[in-house]
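Notes to accompany the following structure.
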Amino acid sequence: MAMSKKVSLPNPQRFNLTSFAEILPARDPIIGEDPGSFEGFHGGLMHSLAPLTPYECIIAENLVAIEWELLQRRRMREAGIRRIARQAVEEAVVAHRRSEGSNADDEAWERHIDALHKQRPAEGEVIEG
């Protein structure tokens, strides 16, 4: 007696489900996630994985969730690195501008002092008037 190689797929409706993915807990969006981006990612990866059995569907759903979380964590890490770099550049620019301002203030002060010295009589000089 030869065994059939045809896989008979169970129907989720027999279990009052529209999809076996309903067995899994609901997925909350990750903070900063673009609305609707998960659905496209999910559809593409599920099409690629092409699960056939309910168990394969559950495994595929878990793989999709893991991959999505990894992508989002990378995105958040890169955003954090960009934020830190931007802050460092901003602090460097502010420090540079402050030093330029300080140098300009120092130069103005020196000019003021020089002007006062020029107005002041030299030692032993007699001021008339």
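The values are calculated or read from the model by the stated rules, or taken from the named source; none is laboratory data. All values reported here derive from a predicted model rather than from experimental measurement. With ideal geometry, Cβ positions are generated from the backbone for all residues, glycine too; neighbour counts draw on all protein chains shown. To get the accessible areas, we keep the full protein, side chains included, count just its heavy atoms, and leave off ligands, DNA and RNA. Shrake-Rupley method; radii C 1.70, N 1.55, O 1.52, S 1.80 Å.
Taking the criterion of being part of a helix (DSSP H, G or I), open to solvent by 90 Å² or more (accessible area, probe 1.4 Å) and either farther than 30 Å from THR18 by Cβ or of a type in the set (D, E, K, R) (or both), would at least one residue in the range 31-42 satisfy it? Yes, there is a match, as at least one residue in the range 31-42 is part of a helix (DSSP H, G or I), open to solvent by 90 Å² or more (accessible area, probe 1.4 Å) and either farther than 30 Å from THR18 by Cβ or of a type in the set (D, E, K, R) (or both).
Just to be sure, is TRP68 out of contact with any Cys (no Cβ under 8 Å at 6 or more places or on another chain), at pLDDT 85 or above and aromatic (Phe, Trp, Tyr)?
yes
Out of the residues in the range 1-26 that are in a helix (DSSP H, G or I) and among the aliphatic types (A, V, I, L, M), which is modelled with the lowest pLDDT? Within the range 1-26, the match that is modelled with the lowest pLDDT is ALA21. Considering the range 73-129, and only residues there that are of a type in the set (Val, Ile, Thr) and at pLDDT below 90, the residue that is least open to solvent (accessible area, probe 1.4 Å) turns out to be ILE113.
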